[in-house]
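Encoded as C-alpha cells, the structure appears first; notes follow it.
The values are calculated or read from the model by the stated rules, or taken from the named source; none is laboratory data. Bear in mind that the values here come from a model prediction, so they are computed numbers and not experimental data. Note that each Cβ is placed from the backbone with ideal geometry, even for glycine, and that neighbours are counted across all protein chains shown.
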Amino acid sequence: MKVLLVGNGAREHAIAERLAQDAELYSVMSKKNPAIAQLSKEYWICDIENAESVSKAISGREFDLGFASPDATLAAGVSDALAQTGMLVASPTKAASRIEWDKSYMRNLLTRHKIKGSPKHVVVTSEADARRAIKDYGEVAVKPLGLTGGKGVKVSGDHFTEIDDLADYAKGLIEKDGSALIEEKLVGEEFTFQCFCDGSRISTMPPVQDHKRAYEGDAGPNTGGMGSYSSGTHLPFTRESDIEEAKKILQGVIHAMKKDQAPFHGVLYGQFILTAEGVKIIEFNARFGDPEAMNVLPLMNDSLTNTLLSMAEGQLSRPSFSDDCTVVKYLVPDGYPDKPHKDACVDIDAHGMEASGAKVYFASVYEQAGKILTTGSRAFGILGRGKSLDEAEAIAEKGCSFIRGPVWHRRDIGTSALIKKKTDRMLSIRGKK
Ligand SMILES: Nc1ncnc2c1ncn2[C@@H]1O[C@H](COP(=O)(O)OP(=O)(O)O)[C@@H](O)[C@H]1O
Ligand SMILES: [Mg+2]
C-alpha cells in the first residue's frame, strides 16, 4: 500500500514511523525533516500550506491513502486536493477542519446541538461590546477565531489583569480580523483526549497532559508545547466519569458534524479542562497533537495504516493501546521561545540514546554537510516509556542527555513532584465545590 503523508514536524515523524512499518511511505514536506526523509521511499519539498503546490508536487503519481497532518495544511484544503487525485483520505476536509480554524463555528455547533462543555462566550465585533463582555464575565480569555499556532489567546490573571488591557487586546483582534471571541475564564487542569473518527463513530486514544508554558513550574510564555505525559486510560487527576464525559462530547461533535453535512473523517483532538463544574472544552483540533502524537502512537497495538484506512472508508476499526506510561520532553534551542538560538549545530549520540531505551523524534531541525542544525523552533521530542510514570520520566531524561549542543528542556515534566502538584490542585478545586 502506498501512503502519502503531508507534514514535517516531530508529530509527523511519529506518524511516519508507524506508517512505514507496513506501508510504502511517501511524504510532502515544507522543509526536509531528515528522519521522515529516511523513512520515505520518495519525498517532495513544497509549500504544504498551499493545496495547489501540494497537488503539483505529486502530479502524475498515484497513492492508495493520504493523510494531511498540520492545522494550517488542513485549513488550506490539502485533504480535499489529495482526494481529488483519487486516493482515499484519512484527514478532514477543509470544511470539516473548520472545527479547529473557526472557534465561533465550534462554539455555535456545540450550542445548536446542545452539547455540554462550553463556558459563557460571545463573539464581539466592537471594542464597546468586548468591554461589556469582559466586565460581565469578570475573568476571561480573549481569543482570535482563527489559527495562531497556540500564541493568540490572552487570559485574565495569566497575561493581563486590567480590563483596559484585555479590551485593548480585543480591539486589536477586531481591527485585524473583524471579530474576537470572549470566553469566561475556566479554572482547572487541562488534558488532551484524541480519537479516530470515520464520519460517524469514534475510537479513543489514551488521554495526555501537555505543558504549554515555557518554563519549569508552568511559568513563562505559552509555547507550542514543551512536553507531555500519559498513564494508560486515565491521568493521575482524572476520574472514570471525567473521561466518560469527555468521550460523550467528542462523540456528540462527530454526530453533529454529520448532521450538518460536514462529516469528520480524521483525528479529532479535544482540549479539555477539568473544573469544579466538571469537564469543559477549551477547543478542538482537527489533527493529532504535537507533542501528544509521540505519547500515543508508539502505544498502538494495531496498525496505524489500517486504522487510517478504516477512517477514510467509513468503517472504523478500533485499535487497542498498551497501558504503558509515557513522558515526552521537547528539546528547544537556547533562548526559546523569545530569542531562540538558530542554526546551531547539535550532536546526537544515537548509540547512547538507543541503549537508554529513549526514542528521539526530529522536529524543526535541518541537515547541512552531514550536520544537524536547529531552526528557531522546537528541535527534538524525546520519548521515555515504562510501566510507571517515574520509569518513563527517567528514561526520557536520560535520553535528553544524549543530545549535545545549545538546547534545553523542562526537567520537571512527568516528575512525581509536578504531577503531585497537579493532582493536589485538582483535589482542592473539586473540594471547593
Ligand atoms: N476559557 C478559557 N479559560 C481559561 N483558559 C483558557 C480558556 N481558553 C483558552 N485558555 C488557555 O489558553 C490556551 C490556548 O487556548 P486555545 O483556545 O486552545 O487556543 P489555541 O488555538 O491558541 O491553542 C489554552 O490551552 C488554555 O490554557
Ligand atoms: Mg489549543
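Filter segment 72-90 for residues that are closer than 15 Å to PHE288 by Cβ and surrounded by fewer than 20 Cβ atoms within 10 Å (Cβ to Cβ) and give the result.
ALA72
List the number of the failed condition for ASP198; all other conditions in (1) within 30 Å of LYS259 (Cβ to Cβ); (2) surrounded by fewer than 21 Cβ atoms within 10 Å (Cβ to Cβ); (3) not aliphatic (A, V, I, L, M) hold.
Single failed check for ASP198: (2).
Output the number of residues of segment 111-148 satisfying the condition of being outside any loop (DSSP other than H, G, I, E, B), surrounded by 15 or more Cβ atoms within 10 Å (Cβ to Cβ) and not aliphatic (A, V, I, L, M).
Result for segment 111-148: 7.
When you go through GLY289, GLY252, GLY270 one by one, which is the residue that is closer than 21 Å to VAL6 by Cβ and surrounded by 17 or more Cβ atoms within 10 Å (Cβ to Cβ)?
Exactly one residue qualifies, and that residue is GLY289.
Out of ARG410, ARG404, report the one residue that is farther than 25 Å from ASP242 by Cα, of a type in the set (D, E, K, R), in contact with a strand residue (DSSP E or B) (Cβ under 8 Å, 6 or more places away or on another chain) and buried (at least 21 other Cβ atoms within 10 Å of the Cβ).
Within the list ARG410, ARG404, the selection yields ARG410.
So the check is Cβ under 6 Å with 6+ separation or different chains; which pairs have a first residue in segment 1-23 that's touching a residue at least 40 places away in the same chain (Cβ under 8 Å) and under 14 Å from THR305 (Cα atoms) and a second one that's polar (S, T, N, Q) and not in a helix (DSSP H, G or I)?
What qualifies is LEU5/SER27; GLU12/SER69; ASP22/SER303.
Which of the residues spanning segment 264-282 are touching a Cys at 6+ places or on another chain (Cβ under 9 Å) and away from ligand 2 (no atom under 16 Å from the Cβ)?
PHE264, HIS265, GLY266
How many of the residues making up segment 254-302 are more than 13 Å from ligand 1 (Cβ to nearest atom) and either within 15 Å of SER230 (Cα to Cα) or part of a strand (DSSP E or B) (or both)?
Qualifying residue count, segment 254-302: 16.
Going by the structure shown, is LYS398 in a helix (DSSP H, G or I) and under 20 Å from LEU235 (Cβ atoms)?
Spelling it out, it is not the case that LYS398 is in a helix (DSSP H, G or I) and under 20 Å from LEU235 (Cβ atoms).
Would segment 305-315 turn up any residue that is assigned by TED's automatic domain parsing to the domain that holds GLU216, within 16 Å of ligand 2 (Cβ to nearest atom) and in contact (Cβ under 8 Å) with a residue 40 or more places away in the chain?
no
Please go through segment 149-169 and give me each residue that is within 14 Å of ligand 1 (Cβ to nearest atom), of a type outside the set (Asp, Glu) and either in a loop (DSSP other than H, G, I, E, B) or in contact (Cβ under 8 Å) with a residue 12 or more places away in the chain (or both), ordered by number.
GLY149, GLY150, LYS151, GLY152, VAL153, LYS154, VAL155, SER156, GLY157, HIS159, LEU166, TYR169
Considering only segment 232-249, state which residues are without any contact (Cβ under 8 Å) to a residue 12 or more places away in the chain and either surrounded by 15 or more Cβ atoms within 10 Å (Cβ to Cβ) or closer than 15 Å to GLU292 by Cβ (or both).
none
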